[in-house]
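A.B. asks: Right, I'll just put the structure down here and ask away after.
Each value in this text was obtained by applying a stated rule to the coordinates, not by laboratory testing. The shown structure was predicted, so the numbers you read here are calculated from the model rather than taken from an experiment. Cβ placement follows ideal geometry from the backbone for every residue including glycine, while neighbour counts extend to all protein chains displayed.
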Amino acid sequence: MLSEQMLNMLNEQINAELYSAYMYQAMSAWAADQDLKGLSNWMDCQAQEEVTHARMIYEYVQERGGRVLLAAIDGPPTDWDDAVAVAENVLEHEQKVTGLINGLVDQAIEEKDHATRSFLDWFVDEQVEEEDSANDLVATLRLASQSPGGMLMIDRELAARTYTPPAPEED
Ligand SMILES: [Fe+2]
Ligand SMILES: [Fe+2]
C-alpha cells in the first residue's frame, strides 16, 4: 500500500503532468496563431505526451490500491514574446518537473517503497530526454531567429514530429 504522503505526492504529480499538457497546448495555440505550424505541431505532440504521463501515474496509483484525486489545474501562460521565449519556457518548465520527479524518488527511497521507486525510474529517464529535447529546441530556434528564412526552415522540420502513444502494457 502507498503511504499517505506518497499518495499525496503522486496525486500532485498527476496534476503537474496535466498542467504540463495544458501549458504545451497553450503554446501550440500561440504558435498556430503566429502561423508557426511546425512549432504548433511540436507543442501539440508534447501536450499529448504529458497526458500520457499523467495517465501512467493515475493507473499506477490505482494499481497500488490508492485513490486518485483530481484537483483544479492552474491556467497556463498565454503569451510569449517570440518562439525563442517559448522554447526557453519549455526548458525552464522541464527542469522544474525534473525536480518534482527527483522529490518523488527521494520520498520513495526514504520510505523504502521499492515498487514506487522502480515505477519512477521510467520518469527519471524520460526527464533526461525532455531536458535534452528542450535544450535542442532553444538552440535551434535561437539560431533560426538570426537568419532570414531560418525560422521557416526550422518550422518545417518541427512539423515532422509525430506522437506515438506507448504500447499498452500487458498484464
Ligand atoms: Fe511529463
Ligand atoms: Fe515533459
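A.B. asks: Taking Cα atoms, how many degrees apart are the long axis of helix 114-144 and the longest axis of the chain, rounded to 10 and kept between 0 and 90?
C.D. replies: 10
A.B. asks: Then there's this: Measure nothing but the geometry: give the 0 to 90° angle between the long axis through the Cα atoms of 83-110 and the longest principal axis through the Cα atoms of the chain, rounded to 10°.
C.D. replies: Long axis of 83-110 versus the principal axis of the chain: about 10 degrees.
A.B. asks: While we're on this one: Can you give the calculated 222 nm mean residue ellipticity of the chain, where each DSSP H run of n ≥ 4 adds -39,500 (n - 2.57) and the sum is split over every residue, rounded to the nearest 500 deg cm²/dmol?
C.D. replies: -26000 deg cm²/dmol
A.B. asks: For a quick protection proxy, order the peptides 36-43, 109-116, 64-71 by their average other-Cβ count within 10 Å, most packed first.
C.D. replies: 36-43, 109-116, 64-71
A.B. asks: Another question, then. Does anyone have the angle between helix 37-63 and the longest principal axis of the chain? Alpha-carbon axes, 0 to 90°, nearest 10?
C.D. replies: Around 0 degrees separate the two axes.
A.B. asks: Right, another one. Where the centroid of each part is defined by its Cα atoms, how far is region 1-16 from region 31-49 in Å?
C.D. replies: Between the Cα centres of region 1-16 and region 31-49 lies a distance of 30 Å.
A.B. asks: Now a separate question. For Tyr163, Tyr22, what's the fewest-to-most ordering of other Cβ within 10 Å of each Cβ?
C.D. replies: With the fewest neighbours first, Tyr163, Tyr22 line up as Tyr163, Tyr22.
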